[in-house]
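What follows is one structure encoded as structure tokens, with my remarks underneath.
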Amino acid sequence: DSATNGPVGKAFTTELIPELEKTFRAIPHSRARFLTGHSSGGWSSLWLQVTYPTVFGGTWSTAPDPVDFRDFQQINIYEPGSNVYRDAKNQPRPIARRGNQPILWFEPFAKMEQVLGPGGQLRSFEAVFSPSGDDGAPLKLYDWETGAVNAEVAEAWKAYDIRLIL
């Protein structure tokens, strides 16, 4: 459930699941409902389990997207002066590694997504976690030019920080 996506979790748990159980004679009990997901699906399956604990009997969430926004792609978005492009030593932040070796940096990856338009990985986080702006689009977590984190948007993301909920 989010400002951008609407009440998807609620519809899933109160409309779709009951209809599936009725149509296919499934067992209408949490002991018969389990979740799994990987990456963004891993975060979503864990979110559903935490948000609707009486609906599901468990989850296997593998390699979920960040569940603790103090370590969001190795960035503490709550820290005053946070920047997604540069760390405290003004070094570029990696966003992908092969083993311990950085192979992709946050800034060029983010700027590539800006050119490609809506639908990228970084924008998907904003679509789920950010409140909507006046134009209905999700508010940006960070300034696209400088990488500076918007503290007000980061504060709103706390509603989706699974660590804080648990």
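Please treat every number below as a calculation from the coordinates, not as lab data. Keep in mind that this is a model prediction, so the values were computed, not measured. As a convention, Cβ positions derive from the backbone with ideal geometry for all residues, glycine included, and neighbour counts pool all protein chains shown.
Using only the Cα atoms of the stretch 12-99, each taken as one equal point scatterer with no solvent, compute I(q) by the Debye sum, divide by I(0), and report log10 of the ratio at q = 0.15 Å⁻¹.
These q points yield log10 I(q)/I(0) values of -0.69.
Any idea how far apart LEU116 and SER39 come out in nm if each label point goes 7 Å out from Cα toward Cβ?
Between LEU116 and SER39, the label points sit 1.0 nm apart.
With springs only between Cα atoms under 10 Å, which of ASN76, ASN90, ASN150 fluctuates most in a Gaussian network model of the chain?
Residue with maximal mean-square fluctuation among ASN76, ASN90, ASN150: ASN90.
In the chain, what % of DSSP beta bridges are antiparallel (nearest 5)?
Working: 9 of 14 bridges.
Around 65 percent of the beta bridges assigned by DSSP in the chain are antiparallel ones.
Just in the stretch 1-93: which chymotrypsin sites (Phe, Trp or Tyr not before Pro) are loop by DSSP and have at most 13 other Cβ atoms within 10 Å?
Working: sites: PHE12, PHE24, PHE34, TRP43, TRP47, PHE56, TRP60, PHE69, PHE72, TYR78, TYR85; in loops: PHE24, PHE56, PHE72, TYR78, TYR85.
Answer in residue order: PHE24.
Relative to the longest principal Cα axis of the chain, at what angle does helix 40-51 sit, 0 to 90 degrees, rounded to 10?
With rounding to tens, the tilt is 60 degrees.
Can you list the trypsin sites (Lys or Arg not before Pro) in the stretch 56-111 that are in a DSSP coil and have 13 or fewer other beta carbons within 10 angstrom?
Numbers: sites: ARG70, ARG86, LYS89, ARG97, ARG98, LYS111; in loops: LYS89.
Sites meeting the loop and neighbour criteria: LYS89.
Please state the equivalent ellipsoid semi-axes for the chain: what are the square roots of 5 times the Cα gyration tensor eigenvalues, largest first, in whole Å?
33, 18, 14
So which trypsin sites (Lys or Arg not before Pro) in the stretch 20-67 are both in a DSSP loop and have at most 14 other Cβ atoms within 10 Å of their Cβ?
ARG25
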